[in-house]
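All remarks here apply to the structure that follows.
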Amino acid sequence: MTDADARRWYRRLLHLGPRRLRDRHADAMCDAFLDVRRDARADGRLAVAGVWMHATTDLLRAHWRARPSRHSRSRTAIMIGSDIRLAFRTLRHQPFATGLLVLMLTLGIAANVVVFSLVSELFIKPFPFPDSTRLVYINEKAPRWNLDETGINYPDFAQWRKAARAFEGMGLWGSASFNLSDDRGAERVEGGTITFDYFTVLGVKPLLGRTFTEAEDQPKAPDVAIVSESMWRDRFGAATDVVGKTIRLNGVPFQIVGVMPKIAEFPSRAAVWLPLKEDPATTNQSYSYSGVGRLKPGVSIDSAEQDLLLAHAPVFDTRDKERVVSPFLRPLRANFVRDFRLMASALSAAVALLLIVACANVAAVMLARAIARRREMGIRLAIGANRARLMRQLLVENAMLAALGAAAGLVLGRWALHLLVDSVADAQILPSWATFNFDWRIAAFAVGVAAATALLFGWAPALHAVRGNLRGAMNDASSGSTISPRGRKTLTTLVAAEFMIAAVLFVGGGLLVRAFINVRHIDPGYRADHALMFSIALPRASYGDDAKRLAFWQSLTERLRTTPGVEAAGVVSCPPLSCHWGNFYRIEGRPPLKPGESNPVVLGRVADHGYFAAMGIRLEAGRFFDQRDGADKTPPVVIVNETFARTFWPDQNNVVGKRIAFNGPDSPWITVIGVAHDVKHYGLERPMRPGLYFPIGLMTERAGTMAVVVRTTGEPDAFTPTARGIVTQLDPTLPLYRINTAERRLAASMQTRATYSWMLGVFAGLALLLALGGAYGVTSYLVTQRTREIGIRMALGARANDIMRAVAGGSFAAIGVGVVSGLGAAVLTGGLLGDLLFGVSPRDPMILSIAALTLFAAAVSANWIPARRAARMNPVATLKT
């Protein structure tokens with residue numbers, strides 16, 4: 001081996017040694033090695049091998065010596081353990097301050113955990129479908145009909161499917177419910193009708209069996225069904241041979257061809273699906289469905305919508321030359337969470353402010369502790385401790401507080417989240433695909449918030465405790481000194497900031513609660529008390545004839561009316577706060593609409609003569625139906641609501657006797673016999689729309705599914721078994737479903753507003769509680785620091801009132817500035833709540849007055865107790881301490 005080769009191999013061998021040694025002395029070590037190797041070559045190969053072995057041993061020994069010793073590593077571990085034990089003892093010996101800090105962190109973190117869980121589930125977590133970013137919601141809109149969504153007309157969809165190029169696939173679904181009957185009895189199950197490729201577009205595969213074929217989605221195809229995982233487990237015991245079995249839906253047998261997993265229940269809680277079986281050549285303009293599409297890779301929403309409009313062009317040329325209805329797209333997830341965006345934004349802002357209040361509290365209490373411990377830190381510095389060591393000790397204490405706050409906040413937040421979800425479960429205001437499970441994101445969020453709060457807001461107080469010179473640390477915090485004006489100003493400023501933010505939250509919460517109260521006091525247009533409501537669907541297999549359907553409803557209502565405890569009973573096709581059947585009408589004497597002129601959709605309902613009394617709807621003019629209306633050989637009649645009368649006859653005081661007709665040219669004229677009081681059909685906050693009622697005898701073909709309303713003298717829930725028994729006597733295969741009282745239905749319609757209003761109210765209360773605790777803690781600390789000063793003042797003749805003013809005056813003045821600033825900020829930001837403030841002004845004087853009085857009362861209470869304690873001090877005992 002030449003010297004060059006030996007040098008190259010020795011350089012490689014140097015990597016066994018310490019890097020610092022190699023970087024500094026590699027060349028010199030190579031030269032020395034080559035000299036020794038040359039001398040050894042004279043003694044033979046064995047001597048050269050010994051040189052290589054000796055060099056390797058030296059390098060390994062140097063590497064081992066350069067490693068940190070076990071003693072230094074164990075010493076570091078011992079020091080950290082000592083810091084933890086000392087922090088535990090310190091926190092244990094200050095139970096009030098420790099408990100206050102942990103409580104503040106717990107409340108702030110718990111509130112943030114609840115809201116973050118809601119936001120994460122609705123907006124952050126991946127949508128539960130493969131490659132969900134390419135899924136879009138498809139529907140149609142008609143601005144001239146005042147409809148943001150009309151539903152999809154099947155012939156339009158057939159045209160899109162044929163001509164659109166931006167989609168891998170698109171499918172339709174429509175909500176439905178069915179009477180399911182077998183040897184276990186009859187029940188009503190929710191379901192849907194879908195196109196054969198609906199599940200393929202979503203990317204969901206069956207657990208068992210298969211999805212529908214294209215042939216099964218044709219008119220007059222064999223009757224097949226797909227059941228959900230829940231029905232498969234509950235009704236079929238998760239039997240693996242369920243595929244091929246038969247179930248009876250609406251009296252018709254359907255063969256089960258597949259079982260879909262739980263996620264397939266999207267967007268509603270469907271238990272069974274049937275093929276749509278629509279004919280693309282139909283002339284029926286149904287507008288009954290919603291659509292979902294999967295975009296091709298790389299295709300944007302905007303370009304896909306343009307492609308869809310281009311595919312829709314033949315519809316404009318043939319069926320819709322006035323271009324009234326057009327398709328639109330939205331991201332699928334965005335469509336189903338858009339109603340939650342404003343609520344989520346308001347709650348997120350509220351908990352962020354609440355967390356800031358908690359952080360300010362943490363900073364104030366930690367700063368007070370840091371000032372109080374400056375003497376301790378001075379002594380430790382005097383005996384040789386370095387400042388980095390003391391900073392580490394204080395940060396370990398902060399970390400322990402953060403850990404305690406995170407743990408308690410997670411437990412409290414999880415409990416509050418489950419309580420919230422359970423409280424709104426019956427109202428079904430949260431989407432079915434949202435599970436709200438406690439996962440790693442929530443835990444990581446809580447830990448991150450706790451760590452950031454304790455470290456960021458604890459760093460400055462810790463730095464304050466160890467900074468400055470040794471003499472200042474010993475003197476400023478001696479037993480005979482008082483807190484410096486600068487430190488006192490910092491503490492009172494933090495408390496003032498807490499009250500300012502609490503004022504913003506308090507006003508916001510008060511405005512939303514006031515708005516909710518306003519909504520609750522809106523007249524729904526009917527009497528909700530003592531009214532039981534349930535629905536019955538008559539299957540066409542047994543009630544295909546109009547006369548049979550009419551006879552059933554007449555028999556049922558007659559039996560109900562003659563039952564003891566019943567004041568009135570009736571049926572309606574579309575009860576308040578439920579479905580929609582819209583149409584257009586011609587008004588006698590009114591000129592035809594001009595091109596582009598708005599034509600509002602009119603809500604239609606079919607009712608019998610007993611419905612209005614059962615529902616408690618007032619008559620404004622004319623009369624209600626009687627048993628003769630709608631019977632054979634009687635002229636067709638209709639009852640309109642007040643909004644209908646104002647919309648189509650704005651200059652008429654009495655519209656009874658006026659005539660209307662459906663839009664068809666051959667439609668007969670229908671005479672208005674009465675004007676009913678407006679009913680808030682779409683919700684208490686929604687604007688009124690024109691509506692009318694047809695007698696059941698005139699529209700028997702729409703009387704397949706009806707809601708029954710029974711007004712009772714006693715509790716309506718108690719009448720449910722009696723009603724079920726009467727229906728069973730008439731037809732044991734008919735289940736009652738959607739059983740509820742009118743009061744609970746009305747309350748459920750307001751559940752979303754009630755939830756976020758009261759949540760924001762709770763956050764406002766927590767912010768006030770935290771501000772109250774912060775003010776009390778800081779004032780108590782200031783009293784403790786001024787003990788000697790107060791004793792001297794009292795010894796010199798100061799009165800109790802003077803002491804109380806001196807103690808509370810400065811803090812109360814700062815809090816007053818914070819409250820006034822907070823009220824001003826609340827007025828400026830109140831407009832951001834927008835539509836949430838139903839009938840309430842952001843400058844509502846009552847809310848602002850209540851907020852001001854409450855906050856000032858809290859400030860007085862927080863300062864009065866420590867000030868009163870200071871005024872009762874014994875000056876002699878104080879001066880001796």
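The values are calculated or read from the model by the stated rules, or taken from the named source; none is laboratory data. Note that the structure is a prediction, hence the values are computed from the model and not measured. Cβ sites come from the backbone with ideal geometry, for glycine too, and all protein chains shown count toward neighbours. Surface areas here come from the heavy atoms of the whole protein model, side chains and all, with no ligands, DNA or RNA. Shrake-Rupley method; radii C 1.70, N 1.55, O 1.52, S 1.80 Å.
Considering the range 26-46, and only residues there that are in a helix (DSSP H, G or I) and open to solvent by 90 Å² or more (accessible area, probe 1.4 Å), the residue that is nearest to residue 59 (Cα to Cα) turns out to be 27.
Could you tell me whether residue 388 is part of a helix (DSSP H, G or I), modelled with pLDDT of 75 or more and of a type in the set (Gly, Ala, Ser)? Against the criterion (part of a helix (DSSP H, G or I), modelled with pLDDT of 75 or more and of a type in the set (Gly, Ala, Ser)), residue 388 does not qualify.
Looking only at residues in the range 110-164 that are aliphatic (A, V, I, L, M) and under 30 Å from residue 688 (Cα atoms), the one that is modelled with the highest pLDDT is 138.
Only residues that are of a type in the set (A, V, I, L, M) and open to solvent by 40 Å² or more (accessible area, probe 1.4 Å) were counted in the range 103-134, giving 2. Note on the range 260-302: residues that are of a type in the set (A, V, I, L, M), part of a strand (DSSP E or B), closer than 30 Å to residue 319 by Cβ and in contact with a Gly (Cβ under 9 Å, 6 or more places away or on another chain) total 2. Scanning the range 415-425 for residues that are open to solvent by 40 Å² or more (accessible area, probe 1.4 Å) and either touching a helix residue (DSSP H, G or I) at 6+ places or on another chain (Cβ under 7 Å) or free of Cβ contacts under 8 Å to residues at least 24 places away in the same chain (or both) yields 415, 418, 419, 422, 425. Any residue that is assigned by TED's automatic domain parsing to the domain that holds residue 163 and more than 30 Å from residue 147 (Cβ to Cβ) - is there at least one of those in the range 272-284? Taking every residue of the range 272-284 in turn, none turns out to be assigned by TED's automatic domain parsing to the domain that holds residue 163 and more than 30 Å from residue 147 (Cβ to Cβ). Quick check on residue 496: is it part of a helix (DSSP H, G or I), modelled with pLDDT of 80 or more and surrounded by fewer than 23 Cβ atoms within 10 Å (Cβ to Cβ)? The answer is no for residue 496. So for the range 552-570 (the condition being assigned to a helix (DSSP H, G or I), aliphatic (A, V, I, L, M) and open to solvent by 10 Å² or more (accessible area, probe 1.4 Å)), does at least one residue qualify? No; the residues of the range 552-570 include none that is assigned to a helix (DSSP H, G or I), aliphatic (A, V, I, L, M) and open to solvent by 10 Å² or more (accessible area, probe 1.4 Å). Residues in the range 199-212 include at least one that is in contact with a Lys or Arg (Cβ under 7 Å, 6 or more places away or on another chain), modelled with pLDDT of 90 or more and of a type in the set (Val, Ile, Thr). Residues in the range 834-851 that are modelled with pLDDT of 80 or more and of a type in the set (A, V, I, L, M): 840, 846, 847, 848, 850, 851.
Check whether at least one residue in the range 826-835 is open to solvent by 30 Å² or more (accessible area, probe 1.4 Å), charged (D, E, K, R) and assigned by TED's automatic domain parsing to the domain that holds residue 773, and report yes or no. Taking every residue of the range 826-835 in turn, at least one turns out to be open to solvent by 30 Å² or more (accessible area, probe 1.4 Å), charged (D, E, K, R) and assigned by TED's automatic domain parsing to the domain that holds residue 773. Would you say residue 100 is in a helix (DSSP H, G or I), touching a Gly at 6+ places or on another chain (Cβ under 7 Å), outside the structural domain of residue 760 (by TED's automatic domain parsing) and open to solvent by 10 Å² or more (accessible area, probe 1.4 Å)? Answer is yes for this residue. Can you confirm whether residue 545 is charged (D, E, K, R), assigned by TED's automatic domain parsing to the domain that holds residue 683 and in contact with a helix residue (DSSP H, G or I) (Cβ under 7 Å, 6 or more places away or on another chain)? Answer is no for this residue. Among the residues that make up the range 649-658, is at least one of them within 43 Å of the chain's Cα centre (by Cα) and either buried (at least 16 other Cβ atoms within 10 Å of the Cβ) or in a strand (DSSP E or B) (or both)? No; the residues of the range 649-658 include none that is within 43 Å of the chain's Cα centre (by Cα) and either buried (at least 16 other Cβ atoms within 10 Å of the Cβ) or in a strand (DSSP E or B) (or both). Within the range 716-737, the set of residues being at pLDDT 90 or above and open to solvent by 40 Å² or more (accessible area, probe 1.4 Å) comprises 717, 718, 721, 722, 724, 728, 729, 730.
Checking the condition crowded, with 20+ Cβ neighbours inside 10 Å, at pLDDT 80 or above and over 16 Å from residue 87 (Cβ atoms), which residue from 325, 337 passes?
Answer to the check: 325.
If you check 631, 614, 645 for being within 22 Å of residue 704 (Cβ to Cβ) and crowded, with 20+ Cβ neighbours inside 10 Å, only one passes: 614. Considering only the range 149-259, give the helices (runs of 4 or more DSSP H) lying wholly within it that have at least 3 residues that are within 22 Å of residue 296 (Cβ to Cβ) and in contact with a Gly (Cβ under 9 Å, 6 or more places away or on another chain). Here the list reads 154-163, 198-202.
Does residue 181 satisfy the criteria of being open to solvent by less than 60 Å² (accessible area, probe 1.4 Å), without any contact (Cβ under 8 Å) to a residue 60 or more places away in the chain, closer than 30 Å to residue 735 by Cβ and polar (S, T, N, Q)?
no
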